[in-house]
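What follows is a short report on a single structure.
The values are calculated or read from the model by the stated rules, or taken from the named source; none is laboratory data. Keep in mind that what you see is a predicted model, and the values were worked out from it rather than measured. Here the Cβ is made from the backbone with ideal geometry for all residues, glycine too, and neighbour counts use every protein chain on show. Calculation scope for accessible area: heavy atoms of the full protein, side chains included, ligands and nucleic acids excluded. Shrake-Rupley method; radii C 1.70, N 1.55, O 1.52, S 1.80 Å.
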Amino acid sequence: MSAVFKQEAHKLVDQLPDTASWGDLAEKARFLAGVERGIEAAERGDFASPARVRAMFAQWGVDAED
């Protein structure tokens, strides 16, 4: 386990309210991991084109036109 990971884990726990549960911690950790994966994907240029986003929105019944 890297020192950076442990530092980030400590910061995460310190930011939670005193009333936080294990579930709150897990949810926050999953969220932050997802954000990190998204940033890494964007840095690789691996993201959806505007046409793909419009098609996905259309599947959900959302009008994504300008």
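Tally up the residues in the range 38-66 that are under 30 Å from Phe5 (Cα atoms), open to solvent by less than 70 Å² (accessible area, probe 1.4 Å), of a type in the set (A, V, I, L, M, F, W, C) and not in a helix (DSSP H, G or I), please. Quick ask: steps written out before the conclusion?
Taking the range 38-66 and keeping what is under 30 Å from Phe5 (Cα atoms), we get 38-48.
Next cut, open to solvent by less than 70 Å² (accessible area, probe 1.4 Å) only: 38, 41-42, 45, 48.
Filter again for of a type in the set (A, V, I, L, M, F, W, C), leaving 41-42, 48.
Narrowing further to those that are not in a helix (DSSP H, G or I): 48.
Counting residues in the range 38-66 that are under 30 Å from Phe5 (Cα atoms), open to solvent by less than 70 Å² (accessible area, probe 1.4 Å), of a type in the set (A, V, I, L, M, F, W, C) and not in a helix (DSSP H, G or I) gives 1.
Does at least one position in the range 4-11 carry a residue that is surrounded by 10 or more Cβ atoms within 10 Å (Cβ to Cβ), out of contact with any strand residue (DSSP E or B) (no Cβ under 8 Å at 6 or more places or on another chain) and of a type in the set (S, T, N, Q)?
There is at least one residue in the range 4-11 that is surrounded by 10 or more Cβ atoms within 10 Å (Cβ to Cβ), out of contact with any strand residue (DSSP E or B) (no Cβ under 8 Å at 6 or more places or on another chain) and of a type in the set (S, T, N, Q).
Any chance the range 25-37 includes a residue that's in a loop (DSSP other than H, G, I, E, B), under 30 Å from Asp63 (Cα atoms) and open to solvent by less than 100 Å² (accessible area, probe 1.4 Å)? Step through it out loud before you land on a result.
First pass over the range 25-37, keeping only residues in a loop (DSSP other than H, G, I, E, B): none.
Within the range 25-37, none of the residues are in a loop (DSSP other than H, G, I, E, B), under 30 Å from Asp63 (Cα atoms) and open to solvent by less than 100 Å² (accessible area, probe 1.4 Å).
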